[in-house]
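Notes follow the structure.
The values are calculated or read from the model by the stated rules, or taken from the named source; none is laboratory data. None of the values given here were measured: they were computed from a predicted structure. All Cβ positions, even for glycine, are placed from backbone atoms using ideal geometry, and neighbour counts span all protein chains on display. Remember, those area values only see protein heavy atoms, side chains included, never the ligands or the DNA or RNA. Shrake-Rupley method; radii C 1.70, N 1.55, O 1.52, S 1.80 Å.
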Amino acid sequence: MIQSNIFTDILAAMLVPLRDVLVQLPADWYGSIPVLTLILFSILSLIIGLRYNPLPVSIIGVILAILEVAALDSSTYGVSFGGLFVRDAFADFFIYLVLLVAILVMISATQYGGDKGPYNFLFLISFAGAIWVVMATDLVALFMAWELMSTPTYILVALSPDRLGLDGATKYFVMGLISTIFMLFGIALVFGALGTTVIAEVGVGVAAIWAAPASLESQAYTLLLAMALFVIAFGFKIGIFPGWMWVPDTYAAADGSVTAYLAGATKKTGISALARILLVGFIAARFEWYPLIVVIAILTMVIGNFLALAQKDILKMLAFSSIAMMGYVFVGFAVDTQFAISAAFFLAFIHAIMKTGAFVLVFAMSIKLQKRITYEQLNGLSVRHPLAAAFLAIIMISLMGIPFTAGFTPKFVLFMSTVEVGLWWLGLFAFLNVTFSLGYYFRVVRAMYFRTASEEGPLSLPRIPVSIVGICAILVLVLFWFPAPITNLANAAAALLIP
Amino acid sequence: MIFGLPYYLILVLPLAGSLLVPVVGKFSEKLRDWTPAIIMGITMVLSWSLLAEADNPTGTTSWVWIEYLGINFEMLLDPLSIIMAVLASTLSFLIYVYSTEYMAHEEDRDRFFFLMLAFGGGMLTLVLSNNLLIAFIGWEIMGFCSYGLIGFWNDKRNPPEVEPDPIEYKNPLLQFETEGQYNTHSGTKAFIVTRIGDAFMLGGILLLFTFTGTFSFSLMSENFQNWWGVMAGIGMLVPTFLLIFMGAIGKSGQAPLQVWLPEAMAGPTSVSALIHAATMVKAGIYITARFLLTIVSAQAVSAGDGGGGEHGLSLLQLSGADVITFFFIVVAVIGAVTALLTATMGIASNELKQILAFSTLSQLGYMMLGLGAAGLLAFYGIYAHEVLNLTELHIAYDKAYLSSILHIISHGAFKALLFLASGGVIHAIHTKYVSKMGGLKKHMKKTFAVMWIGILALAGIPPFSGFWSKDSIIEYSYELMIVEQEITSHGGTLFISVGWLVFLFSVLAAACTIFYSFRLMGLTFYGPEKTEHESHESGHHDGSDEDDHSKGHEEEEHHSTPHDPGPAMMVPLYLLAAFTIIAFLVFPFIQNFLLRTEEEWGVILQEMIFVKFSEAGIVPFMITLGALALGGIPGYIIYIKNADRPNTFVPETGIRRKVYNFLRHRWYINEFYYWILNKYLNSAEWWRVRVDNKIIDGIDFKSADTAKEISRRVRWFDDHIVDGFAEGVSTHSVGASESGQAVQTGRINDYVSVIIFGLGIMILVILITMGVL
């Protein structure tokens, strides 16, 4: 088949000069060079944005960051700032995910009509924070990176073209504030119980306490409370029970690119942070947190699917469906084998691609039509804009998890893995949820292909959102047949957490 | 492969090409119509080139699909796969060429040609995949395409053509107001009935995977020792294979799931030809043959010869060799029952294509029977040799398997021929009922000739292709009977002896086959003309010949005298007819290829002919000839010789009429299913209305509504309790800003409280799991 090695070799050879330049920088920066680049370019965009359109600069910044990630091998140049932020296989997987979404979002951001300088500045800063979140190995560093990522997004949501954005932003902000408080409280509890905030050392400490439970009971309870707080704090960003409620309001209110970024990237950084905390820090307490995760997964799936079905607004439907999707990801955490985790990561990756495309397209439609997009607005889209309809249909089919689209593979592996460890009932439940979800995904396809449009004539959409959803649709199709690049990364990431 | 091209092109080309069809349609209608034919032509050439490589495939292409489950995509290039691929691609190619003319005046050909090409691609995926899961995907592609194609004319608003002497159905599910409704119903029926089989099959596949740990056929045979004994030990062996066989029953229309195929005639004729000859129904036979090979070849490895044989045998003997015979008994009996059952149904059918559909079912029954007999002979052979030490008893299972595959090939050719020819007939005189036809001999001379060739092959008259394959299947069912007698007479015990049953059924089915074949010919082509074709001034000189009904003549065409179709439709017919006549000259090559032997062509040919007159072969041969006479002579006398006289064979009352009605109603099996379905729907409705209207909002089709309702209620909770206050304000919005502020205060409090509440729940969960509470 395709000898992908050749391509990667050529690419690597092309990146050697860049690496030679980069290694001139202080050795302590190596792992964080992409982040620092993004921060530099964010300031540049802000300055250039005073007079000109800063978009080219921002896009160059993101591309440069991608090249730097590819050029600097994480095993050699991974550590930075004294080990606070470390690029390993696990971090790399999420960095690629974030940067893939970032480049798509930046391209789609050309559609934004407001003041572009701050807009791009905030985006790039948030990208930088997101990459640091997945690299952080210390709870305090994680907290800082988390704030660096989150704070700009509050403002970005508020920068939405219509006034609803303020409403969404405020809800998002208050909820974010609470989760921040919980996170800080959790960190404090961990520090109080163990005297350290380095996640790996937390793992050692928890193992020691769990080895001698009787004498250290109060510390064990403290740590479990901290763990529950972490699950809520990071779970809020992921949009799982109990912090899911801001998701539909905010997603439906924000600018399409911002929503795509929230759904595609920041959600996944939450997963990565939780994965690190649960699977590295609290792995010794596995039997304590796994029922919790099962309950959360079940509630999240049910809430997401039930509420999605009743939605008429497509953006809100998509928001609820990503809540449900995170439930499936948490099934992977509950199973907690290497297969399951890597499948969960793979699902997260595919989900990022699918949701980015869907949100960008639907938002572009809603701007074009000047109204909320409901199923009625999608009627007859296959006639009015065949290309967009075809792309959206592919993405919907992938969301359903039907073969020939990448959405099928991770779900299939996830359900197989539940059977493997004897959690078959959870797998069955998740499968029933997937079946249930056909109800609302299929309505989109039906509206586009089997209903006649209320308005006649072709619908002209801007090229950029359509091409972005096209890229996503093609990726979804290609990744079904050739999932190896992503699954290899996901496997490596999972192998690092669960040796 | 040829030019060193990668193997996977064979399936990627049609599948990917099918997506191109609508795109091409944007530029050129004509090119679009020819796209499937061109792409399948290329695929056909590639498939033929595989014939040279069955001995040592130069590397089965594979790519890793899901690495950590070990699911790879591999091509399986053994003789069976290659033969099936060649057959499927060649017949599909001919049918696509035929379709370019047949469908020339239809609407919506984008959809048609897309589905047709994807259909062929699905079949090639199935037969060439070494991976059960991917094969199943191909299987499902076919299921979907068949649904789309059978119901292709879903938009016909005219009422369905009234059958002369129609059956009155009381069942509300069988009332159709328009032809489109009927067609859609037929497509859905095909989809659902085959889906019943598929559901079982998927279960079987997953069970098999659980024990074998692989989806790959070749790995399954290699690791035979690892799973066979385990599965037999806990009694899962036969259930698993029977589950998989259920899929084959559904797809290949074996009893009791034979009901979908007769209705599948609602689609365009080229679709019927594709389903019957090249793809779909052959899929079930293929998968059964594939498992026969997997089981038997693995058994051959482990039984082996020499010292290792003892061990392998005892392993098999202890665990499952005698159990697996039960599986093959089921296969053989279902095949035999289907062959006879559907042949009798064919006698009374009144629709031209439906008669052919019944004949397909019956021939498929023969193929299943051949495979079952092969499996049984193989295991009886081991039993006789190793346990009873009957070394002089020579049992060759592979010839039985061979005859079944040969029947796939010969049936593929003559059934494609018959369908395409009858498509021409229906195209020409615009009715699908044989009782409205008649006297077409004069008008459609060429169609008449090729149709006769196909009919003789179907009836099994030497030397046409059908004779060689069908007669040898009958012969091996006879041999099965003899072997069973031998074994019991030497003190062996058998699970149950079915040889006499399958032999009897296959002979009777042969008698029925020739009878309805002659009936078909007689009613269609002989006798007086029954339809009043107003052949008036249409400038169409009595189409004694082809070709002048091209695009410009659409309107006139409908009023002209019946005539032979044009070259794009006739050339495939000639090719198929030629193959049907000379097939026996080709069969020796196929035998050599399939069994990997290197015998002389002449030797095999001689053997093929003289085996009929040998000591072992003369008895079944004579019995078969007797059966042909039994069915053929009355058939000839009633329907061909006396075609010009009014038919009084079935009087208005009496036992004949009763039998006739029983057969017309297809043994009431079909109606029985509908009756159950209707009863179920009624009781579900009753339950919904009376018992549980409030809580469960109906069980039948209403379950989706229920979910929505529940969802709506939950949403109501979300709306009114959770964001109630604010939502209320915002809907009666005073001004965006004020309402925005109100929204924030109102809702966020609730959001936060839900988070706190959630924290409480989580802590409770932790405490419960820790056993504190």
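Sort out which residues of region B:27-42 are polar (S, T, N, Q) and either part of a loop (DSSP other than H, G, I, E, B) or open to solvent by 80 Å² or more (accessible area, probe 1.4 Å) (or both), and write them in order of number.
B:Ser28
Looking only at residues in region A:216-225 that are away from chain B (no Cβ under 11 Å) and part of a helix (DSSP H, G or I), which one is most open to solvent (accessible area, probe 1.4 Å)?
Among those that are away from chain B (no Cβ under 11 Å) and part of a helix (DSSP H, G or I), it is A:Ser218.
If you scan region A:206-215, which residues turn out to be within 33 Å of the chain's Cα centre (by Cα) and within 13 Å of another protein chain (Cβ to nearest Cβ)?
The one that is within 33 Å of the chain's Cα centre (by Cα) and within 13 Å of another protein chain (Cβ to nearest Cβ): A:Trp210.
Kindly indicate whether A:Ala388 is more than 14 Å from chain B (Cβ to nearest Cβ), within 30 Å of A:Tyr112 (Cα to Cα) and open to solvent by less than 10 Å² (accessible area, probe 1.4 Å).
Against the criterion (more than 14 Å from chain B (Cβ to nearest Cβ), within 30 Å of A:Tyr112 (Cα to Cα) and open to solvent by less than 10 Å² (accessible area, probe 1.4 Å)), A:Ala388 qualifies.
Among the residues of region B:267-284, is there at least one that is open to solvent by 10 Å² or more (accessible area, probe 1.4 Å) and either touching a helix residue (DSSP H, G or I) at 6+ places or on another chain (Cβ under 6 Å) or polar (S, T, N, Q) (or both)?
no
Right, A:Ala393: surrounded by fewer than 24 Cβ atoms within 10 Å (Cβ to Cβ), aliphatic (A, V, I, L, M) and either over 30 Å from B:Ile137 (Cα atoms) or touching a residue at least 40 places away in the same chain (Cβ under 8 Å) (or both) or not?
Taking the combined requirement at face value, the residue satisfies it.
Among B:Lys612, B:Lys679, which is the only one that is part of a helix (DSSP H, G or I), open to solvent by 60 Å² or more (accessible area, probe 1.4 Å) and modelled with pLDDT of 80 or more?
Matching residue, one of B:Lys612, B:Lys679: B:Lys679.
Restricting the first residue to region A:230-259 and requiring it to be within 12 Å of another protein chain (Cβ to nearest Cβ), which pairs with a second residue that is basic (Lys, Arg) and surrounded by fewer than 24 Cβ atoms within 10 Å (Cβ to Cβ) meet a Cβ separation below 8 Å and a spacing of at least six or different chains?
Final answer for the pair search is A:Pro248/A:Lys316.
For A:Leu387, state whether it is among the aliphatic types (A, V, I, L, M), farther than 23 Å from A:Leu299 by Cβ and either over 24 Å from the mean Cα position of the chain (by Cα) or assigned to a loop (DSSP other than H, G, I, E, B) (or both).
yes
Please determine whether any residue of region A:320-337 is among the β-branched types (Val, Ile, Thr), open to solvent by 10 Å² or more (accessible area, probe 1.4 Å) and over 21 Å from A:Cys472 (Cβ atoms).
For region A:320-337, residues among the β-branched types (Val, Ile, Thr), open to solvent by 10 Å² or more (accessible area, probe 1.4 Å) and over 21 Å from A:Cys472 (Cβ atoms): present.
Against the definition (at pLDDT below 85 and surrounded by fewer than 18 Cβ atoms within 10 Å (Cβ to Cβ)), how does A:Pro462 come out, yes or no?
The answer is no for A:Pro462.
Give me the residue from region B:183-194 that is closer than 11 Å to B:Trp260 by Cα and of a type outside the set (Gly, Ala, Ser) and, out of that set, surrounded by the most Cβ atoms within 10 Å (Cβ to Cβ).
Here the residue is B:Thr194.
Exactly one of (1) away from chain B (no Cβ under 11 Å); (2) closer than 30 Å to A:Asp88 by Cα; (3) open to solvent by 40 Å² or more (accessible area, probe 1.4 Å) is unmet by A:Leu414. Its number?
The one condition A:Leu414 does not meet is (3).
Quick check on region A:154-165: of everything there that is assigned to a helix (DSSP H, G or I) and touching a residue at least 60 places away in the same chain (Cβ under 8 Å), which residue is surrounded by the most Cβ atoms within 10 Å (Cβ to Cβ)?
My answer is A:Val157.
Can you confirm whether region A:416-433 contains a residue that is under 22 Å from the mean Cα position of the chain (by Cα), farther than 21 Å from A:Ser321 by Cα and among the β-branched types (Val, Ile, Thr)?
Checked region A:416-433: no residue is under 22 Å from the mean Cα position of the chain (by Cα), farther than 21 Å from A:Ser321 by Cα and among the β-branched types (Val, Ile, Thr).
Checking the conditions here, which among A:Thr405, A:Thr452, A:Thr435, A:Thr487 is within 13 Å of chain B (Cβ to nearest Cβ) and not in a helix (DSSP H, G or I)?
Result: A:Thr405 is the single residue among A:Thr405, A:Thr452, A:Thr435, A:Thr487 that is within 13 Å of chain B (Cβ to nearest Cβ) and not in a helix (DSSP H, G or I).
Take the conditions farther than 24 Å from A:Phe330 by Cα and aromatic (Phe, Trp, Tyr) and apply them to A:Phe482. Does it pass?
yes
Within region A:270-299, track down each residue that is within 21 Å of the chain's Cα centre (by Cα), of a type in the set (Val, Ile, Thr) and more than 11 Å from chain B (Cβ to nearest Cβ).
A:Ile271, A:Ile277, A:Val280, A:Ile298
Within region B:385-408, is there a residue that is within 30 Å of B:Pro565 (Cβ to Cβ) and open to solvent by less than 10 Å² (accessible area, probe 1.4 Å)?
Checked against the condition, which is being within 30 Å of B:Pro565 (Cβ to Cβ) and open to solvent by less than 10 Å² (accessible area, probe 1.4 Å), region B:385-408 yields at least one hit.
Residue-by-condition table, conditions (1) in contact with a Lys or Arg (Cβ under 8 Å, 6 or more places away or on another chain); (2) surrounded by fewer than 17 Cβ atoms within 10 Å (Cβ to Cβ); (3) at pLDDT 85 or above:
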{"residue": "B:His563", "(1), (2), (3)": "no, no, no"}
{"residue": "B:Met569", "(1), (2), (3)": "no, no, no"}
{"residue": "B:Tyr574", "(1), (2), (3)": "no, yes, yes"}
{"residue": "B:Ala583", "(1), (2), (3)": "no, no, yes"}
{"residue": "B:Gly617", "(1), (2), (3)": "no, no, no"}
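Checking the structure you have, find out if any residue of region A:310-326 is in contact with a helix residue (DSSP H, G or I) (Cβ under 9 Å, 6 or more places away or on another chain), of a type in the set (Phe, Trp, Tyr) and in a helix (DSSP H, G or I).
Yes, because at least one residue in region A:310-326 is in contact with a helix residue (DSSP H, G or I) (Cβ under 9 Å, 6 or more places away or on another chain), of a type in the set (Phe, Trp, Tyr) and in a helix (DSSP H, G or I).
Count, please, the residues in region B:342-376 that happen to be surrounded by fewer than 24 Cβ atoms within 10 Å (Cβ to Cβ) and either among the acidic types (Asp, Glu) or in a helix (DSSP H, G or I) (or both).
Residues that pass the stated criteria total 5.
With the checklist (1) open to solvent by 40 Å² or more (accessible area, probe 1.4 Å); (2) within 24 Å of the chain's Cα centre (by Cα); (3) at pLDDT 85 or above in hand, flag the one item B:Tyr8 doesn't pass.
The number of the failed condition is (3).
Return the residues of region A:181-199 that are away from every other protein chain (no Cβ under 14 Å) and either among the basic types (Lys, Arg) or surrounded by 14 or more Cβ atoms within 10 Å (Cβ to Cβ) (or both); say none if nothing qualifies.
Result: A:Leu184, A:Ile187, A:Ala188, A:Val190, A:Phe191, A:Ala193, A:Leu194, A:Thr196, A:Thr197, A:Val198, A:Ile199.
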